[in-house]
Each structure stands twice: as C-alpha cells, then as structure tokens.
Amino acid sequence: MIYQLEPIAALATAPGIGAIAVVRVSGEGAISITNQLFRGKDLTQQDSHTAHFGTLRNDDNSIIDEVLVTVFQTPKSFTKEDVVEISCHGSEFIIQQILRRLMQAGVRLARPGEFTQRAFLNGQFDLVQAEAVADLIASDSDASHRAALTQLRGGFSKQLKELRQQLIDFVALVELELDFGEEDVEFAHRDKLRQLMLDIRRVLHPLIDSFSTGNAIKNGVPTVIIGKPNAGKSTLLNALLNEEKAIVSDIPGTTRDIIEDELFIDGIRFRLIDTAGLRQATDQIEAIGIERTQQRMRDAALVVYLFDGKNIQPEELQTAVDEVRSSGKPYLLVGNKLDAIDDRKRQVLEQTVGEQVVWISAAKQTHLDELKLALSARVRTDSAVQTGSAVVTNARHHEHLIGTDSALARAIAGLDSGVTPDWLAMDLRVALQHLGELTGQITTDNLLASIFSKFCIGK
C-alpha cells in the first residue's frame with residue numbers, strides 16, 4: 001500500500017548560485033498544487049515521467065521564472081508519491097520565491113532526509129539501502145562510491161532478510177512448543193535450526209570483519225608516517241601533497257604536533273598523518289608529541305615506517321621494524337635518501353628485515369609514484385576493496401550484526417547444553433530484533449528520526 005502524506009518541498013540541488021536549481025515537491029496533491037502556479041500545459045493531464053516548459057507565477061500573475069517541470073506519478077517516483085521537480089535558474093531569490101509560493105498553496109518545507117524517509121516507508125527500499133543514499137551523496141572516492149552503490153543495490157540486506165524470515169519460521173515452531181510444554185513435543189527440528197544459525201553466522205562474520213575496512217573506505221584510510229627524527233617524514237608529506245604543509249628543518253624534533261591532510265590514490269582516500277619523531281624526548285612538549293604519535297599509530301589503519309637509508313645501521317633498522325610488527329598493524333617499509341646510498345647497503349638493509357622496502361628520495365621527489373602504487377596495493381589486498389563486494393561502513397549496522405551474532409552464539413550453546421524451549425526462544429528473539437532493526441523491518445519513530453536527520457534537506 002502506498003501512503004501519500006501531506007505535500008512537502010525543498011531545494012534538491014546544492015545551495016548557492018548556479019546555472020540551474022531543482023525544487024522537489026512530493027506528497028498528496030503535489031502535481032495539482034504545482035499546476036496552480038504553472039502557466040503552460042495542464043500538469044494534471046500529463047503522463048508520468050514527462051517534462052514541460054512554462055512559467056511559474058506570483059498571485060498577481062507576474063512571472064517568477066521560466067521553468068521546466070517534470071511530473072512523476074505515484075507509484076513511479078523516488079518516494080512512490082506524486083512528485084514534481086521544478087528546474088529553474090539557480091538564483092537564491094528565485095528559489096525562495098518558488099518555495100514561498102508553494103507554501104502559500106499548502107506545501108510545507110521538508111525536514112532533512114524526509115524524501116528518502118518517505119521512500120523507505122513506502123517500501124522503495126530497506127533501511128540499509130536508505131542510509132546508502134546519504135553515503136552515495138557523500139562519497140568522495142572511487143572506493144567509497146562503490147561501497148555505497150553496492151549497499152544501495154541491496155548489498156547484504158536482502159540476504160539477511162531472507163535468512164531472518166527462515167529464522168522467524170523456526171522461532172514460531174519453538175514458541176509453539178511452549179504451548180505443549182507438558183507433552184514434551186518438538187516441532188522445530190533442532191539439527192535444522194542449528195544449521196540455519198550456523199549459516200547465518202557464516203554470513204555475518206565476513207560482514208563484521210569488513211567494518212574496519214569499510215570505515216576506512218568511508219572516512220579515508222588513516223595512514224600514519226612514523227620514524228626517527230630527521231628521517232624525512234615532513235619532507236615526504238610535503239612531497240606527496242605537493243605543498244609546504246609541514247615545516248622541514250635539519251634540527252631534530254621539529255615536528256612536535258600532528259599534521260594531517262588527505263591524498264587520493266587510485267580511487268582511495270588516504271588521511272596522511274605526519275608525526276613527531278620517535279626518540280627519547282628532550283623536553284615536555286616533545287614528549288607530548290611523541291605520545292600523540294604512539295596514539296595515532298594505535299588508531300591507524302596503515303603505518304608507513306620511514307627510515308634514513310644513509311645513516312641507519314642494520315641492527316637499528318631491525319629493532320625498529322620489530323616494534324612496528326609487534327603493533328599488529330598493516331605497515332609499509334619506506335627507505336629514504338635513495339640517492340645517497342649504494343646498491344650494496346640497500347641490499348644489506350633489505351636482507352636484514354627480510355621483506356620488500358620501497359625506496360625513495362623525498363627531498364628530490366623521486367620514486368614517489370612507486371610509493372603511491374605500494375600504498376594503494378597495500379589497501380587493495382583486502383578483497384572487499386578489490387572486488388567491490390559488500391562491506392559494512394555504518395557503525396549502526398556493525399552494532400546490530402555483532403548483537404545478532406552474539407545472540408545466535410548463545411542459542412547454539414543453549415542447544416548443545418539442552419536448554420528448555422523458553423530459553424532458546426529468548427535468544428532467538430534477540431537475534432530477530434537486531435536483524436529487524438538493521439534492515440528496518442522493525443523501527444521506532446526515534447530510530448528513523450535519528451537516521452534521517454543526518455541527511456541533507458531535499459534528499
């Protein structure tokens with residue numbers, strides 16, 4: 001069933017002066033109300049998905065603007081309501097005049113995300129897909145765009161909805177057993193129930209594990225550049241960004257605070273973080289900077305360890321690399337000052353650490369393309385980034401996936417220990433609750449208000 005609510009309107013394009021702006025109207029009477037202000041063809045008699053040129057008028061019949069009006073009839077629209085999109089010139093004055101006339105005719109201004117919320121309520125898509133609309137609009141890299149598009153097309157939510165329905169069927173049988181508690185009957189086949197829960201958990205685990213990757217895709221890969229003082233960290237940051245972002249000096253300990261900027265490499269957004277050099281601090285301020293470096297290293301998704309290939313000794317490099325490895329973070333070893341060392345020393349250092357080193361000269365900006373390729377390849381080793389398969393980018397989704405998995409784990413443990421049907425049903429209900437809230441099959445007004453308030457007005 002399609003619900004046509006009171007008509008709403010908002011600017012659907014970005015605010016500001018431009019060649020064209022689009023004002024969207026949706027809801028009961030959207031077409032007939034717009035037709036009252038429009039001079040051209042009778043919009044109420046036109047087919048859906050047709051565009052019509054004319055003018056919008058004030059109540060004294062003076063022209064506001066020449067416009068192109070596109071008509072979308074229910075249910076063949078984004079919201080599944082009657083929708084009109086008014087393309088006008090991108091003047092702030094014209095936009096406000098159009099909105100004023102629409103409000104005079106009985107339309108109210110839309111709240112943030114209200115168009116998408118109506119689309120969700122009318123079954124255009126589920127809640128995960130609705131949230132993907134906002135992610136798609138906000139995407140600023142190839143990876144974040146692909147992740148949002150995958151979710152918008154259904155991602156993992158369709159599969160979870162099917163599995164949830166199967167679980168509902170089992171829960172109904174388990175709860176039916178409660179009505180025959182004294183007769184010791186078993187309607188829900190325990191082996192099949194156990195297999196279903198295992199199947200659901202097999203779907204959940206890759207999604208749960210993908211959140212760290214998905215969060216990095218959505219917000220940028222936090223990449224911290226660490227190393228000893230004067231290794232060339234600030235010089236490297238400046239070279240990658242092609243600007244003098246960080247102060248460069250021969251004096252050790254110049255960088256005492258965190259310097260951060262963004263760089264797009266092969267469709268992936270990297271949040272590059274230059275840090276204070278790792279050494280024994282000489283004063284309190286430098287000590288604070290080093291502590292912040294260590295914290296950023298703990299929070300990073302990727303660590304770039306930069307060392308001075310000219311002055312470092314093999315034993316010293318080995319000790320430093322062991323510390324980086326012990327952090328458990330994905331890392332990349334980068335040797336600086338390639339122009340100042342010979343092939344023999346380079347080979348000795350590589351043999352010492354026993355793995356690939358990317359060699360550059362930050363000061364002369366040589367071999368930076370090789371470093372960029374290595375950074376991209378290091379992130380793309382994650383199959384989700386490489387193949388475009390579904391990844392979890394939303395903390396709310398991650399929370400419900402973990403809640404579902406925990407409830408199912410308790411239910412499986414209960415089956416193995418022979419718990420009564422009432423205890424089993426309780427854990428299964430918790431799993432169903434989490435799955436339902438994840439996909440929007442179970443919602444509250446507060447939940448929807450919280451989610452859609454984060455959308456822009458007009459979407």
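The stretch 293-359 and the stretch 397-416 have Cα centres lying 41 Å from one another. Restricting the GluC sites (Glu not before Pro) of the stretch 302-366 to loop positions (DSSP other than H, G, I, E, B) with no more than 12 neighbouring Cβ atoms within 10 Å leaves Glu355. What 222 nm value per residue comes from the helices of the chain, counting each DSSP H run with n ≥ 4 as -39,500 (n - 2.57) and dividing by all residues, nearest 500 deg cm²/dmol? Helix-only estimate at 222 nm: -15000 deg cm²/dmol. Here the convex hull built on the C-alpha positions of the stretch 1-152 has a volume of 112 cubic angstrom per residue.
Extension gain, Ser327 to Asn219, is 36.7 nm, computed as 0.36 nm per intervening residue step minus the present C-alpha separation. When Rg and the Kirkwood Rh are both derived from Cα coordinates, the Rg/Rh ratio for the chain amounts to 1.10. For the pair Leu176 and Asp266, the difference between a 0.36 nm per residue extended length and the Cα-Cα distance amounts to 26.8 nm.
Measuring between their Cα centroids, the stretch 91-110 and the stretch 1-79 lie 11 Å from each other. What you get for the chain, charging only the Cβ of Lys and Arg (+1) and of Asp and Glu (-1), is a dipole of about 1020 debye around the Cα centre. How big, in percent, is the set of alpha carbon pairs in the stretch 319-419 lying more than 15 Å apart? Considering the stretch 319-419, 76 percent of its Cα-Cα pairs are separated by more than 15 Å.
Beta bridges per DSSP, both residues in the chain: antiparallel share near 65 percent.
Each of Met103, Met1, Met426 was scored by other Cβ atoms within 10 Å of its Cβ. Listed from fewest to most, they are Met1, Met103, Met426. Would you work out the relative contact order for the chain, in percent, from Cα pairs under 8 angstrom that are 6 or more residues apart? Worked out over the chain, it gives 17 percent.
No value in this document is a laboratory result; all are computed from the given coordinates. In this text, all values refer to a predicted model and were calculated from it rather than measured experimentally. So basically every Cβ, Gly included, is an ideal-geometry build from the backbone, and we count neighbours across all protein chains shown.
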